[in-house]
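Trainee: One structure is given below, represented as structure tokens, and several questions about it will come after.
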Amino acid sequence: MTQRIPRIVHFVFGLRPQDEPFHLVHYLAIATCRAVVQPDQIVVHHHELPYGVYWDLARPLVTLRRVERVQTVIDFAYDDPFVAQFSYAHEADFVRLDVLAEHGGMYADIDTAFVAPVADDLWRAPAVIGREPDVFDPRVNASRSSLSNALVMAAPGADYVRRWRDEIAGALDGTWSAHSCFLADDLARAHPDLVRVEPQRTFHAFGPTPDGLRALLVEPPGDLTGVASVHLAAHLWWDEERRDFSNVHAPAITEAWVRTSASTYASIVREHLPVHELFA
């Protein structure tokens with residue numbers, strides 16, 4: 001069978017003003033992608049350009065494409081101020097579908113770390129998405145099945161992506177997942193021939209819960225057989241003052257931490273640390 005999905009990996013970054021340097025976690029997403037996935041091209045779709053030491057190291061590894069912000073999201077009146085502060089992530093939900101529809105390839109959130117090569121048969125599917133743990137749906141006050149849009153693969157013009165893009169604006173309701181992960185799940189159930197749904201272990205073995213993040217960011221690795229990538233759900237723990245999901249925070253994740261931490265994440269990315277004389 002002819003390969004359907006081109007071996008191009010897309011990241012989206014910089015849909016809000018850049019007031020902090022590009023982080024080591026983001027560099028390692030690109031570095032692990034380059035080493036493990038070995039794509040023909042890595043593209044960073046940006047509005048604002050990143051900056052800083054780790055961006056200087058990442059820049060030669062990627063192609064840049066500038067994108068416009070998403071007016072549908074900018075104009076949306078959010079009822080929940082907590083969700084509203086992450087509206088840039090909802091803009092990225094739109095951008096990734098536009099990119100995949102036009103170019104095809106793999107989209108990955110920039111808080112991803114790649115563990116093992118993606119199986120060849122996935123590249124021959126019309127589209128691929130991974131299951132995540134059930135997610136609470138505030139619209140029905142109960143948890144429901146969900147597919148994570150943190151990693152999506154598709155052939156150019158894939159029907160699954162096209163249908164999703166056609167419906168995403170109408171599904172945007174100010175909640176975190178209605179237009180993204182819940183809509184993705186609904187479409188996959190309605191059109192199972194259009195997309196391959198991978199089990200949770202392939203891309204999302206560590207759930208966005210305190211236990212899942214502890215297993216990823218604190219505890220030593222177990223058996224990672226069948227795990228192609230991990231998603232850090234960084235918005236849940238990134239800020240130093242936020243400790244409800246994890247005591248690990250972005251300022252703590254340094255090269256020294258990666259070299260010495262016994263955690264699953266550190267063990268995955270350690271060999272991909274940059275070789276430089278940063279402190280010479």
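What follows draws every value from the coordinates through simple rules; no lab data is involved. Model, not experiment: these values are computed from the prediction. In this analysis, Cβ positions are derived from the backbone assuming ideal geometry, glycine residues included, and neighbour counts consider all displayed protein chains.
Trainee: Could you compute Rg(Cα) / (2.2 N^0.38 Å) for region 12-117, with N its residue count?
Mentor: Details: Rg = 14.3 Å, N = 106, 2.2 N^0.38 = 12.9 Å.
Expressed relative to 2.2 N^0.38 Å, the Cα Rg reads 1.10.
Trainee: Where both residues lie in the chain, what percent of DSSP beta bridges are antiparallel, nearest 5?
Mentor: Antiparallel bridges make up about 50 percent of those DSSP assigns within the chain.
Trainee: What residues of region 62-87 lie in the reach of a label at ARG16, counting those whose backbone N is under 12 Å from a point 7 Å from the Cα along Cα→Cβ?
Mentor: 82-87
Trainee: Among ALA252, ASN141, VAL37, which residue has its Cα positioned farthest towards the positive end of the charge dipole of the chain, with +1 placed on the Cβ of Lys and Arg, -1 on the Cβ of Asp and Glu, and the dipole taken about the Cα centre?
Mentor: Toward the positive end, the furthest listed residue is VAL37.
Trainee: Right, another one. Which helices of the chain meet both criteria: a Cα extent of 15 Å or more along the helical axis and a mean Kyte-Doolittle score no lower than -1.0, with helices taken as whole DSSP H segments?
Mentor: 87-103
Trainee: How high is the relative contact order of the chain, in percent, counting Cα pairs under 8 Å that sit 6 or more residues apart?
Mentor: Reported relative contact order: 20 percent.
Trainee: Let me ask something else. State the answer as a single residue: which of VAL73, ALA116, PHE22 lies farthest towards the positive end of the charge dipole of the chain, with beta carbon charges of +1 for Lys and Arg and -1 for Asp and Glu, about the Cα centre.
Mentor: Selected residue: ALA116.
Trainee: What nm value, rounded to one decimal, do you get for the distance between VAL218 and ASP239 when each label is placed 7 Å out toward the C-beta?
Mentor: Each label point lies 7 Å from its Cα, and together they span 2.1 nm.
Trainee: Could you state the number of Å between the C-alpha centres of region 65-101 and region 120-148?
Mentor: The two parts, judged by their Cα centres, are 19 Å apart.
Trainee: Find how much the distance from HIS249 to LEU273 grows on full extension, using 0.36 nm per residue of separation minus their present alpha carbon separation; answer in nm with one decimal.
Mentor: Gain on extension, HIS249 to LEU273, equals 6.8 nm.
Trainee: Using a simple charge model, +1 on the beta-carbon of Lys and Arg, -1 on the beta-carbon of Asp and Glu, nothing else, what dipole does the chain show about its Cα centre, in debye to the nearest 20? Could the numbers behind the result be given before it?
Mentor: Details: 24 positive and 38 negative charges, 143 e Å.
In total the dipole reaches around 680 debye.
Trainee: How do 217-229, 142-154, 33-45 rank on mean C-beta neighbours within 10 Å, highest first? Display every interim value, and only then the final one.
Mentor: Values: 217-229: 15.2, 142-154: 22.1, 33-45: 17.5.
Per-residue Cβ counts within 10 Å, averaged per peptide and sorted highest first, yield 142-154, 33-45, 217-229.
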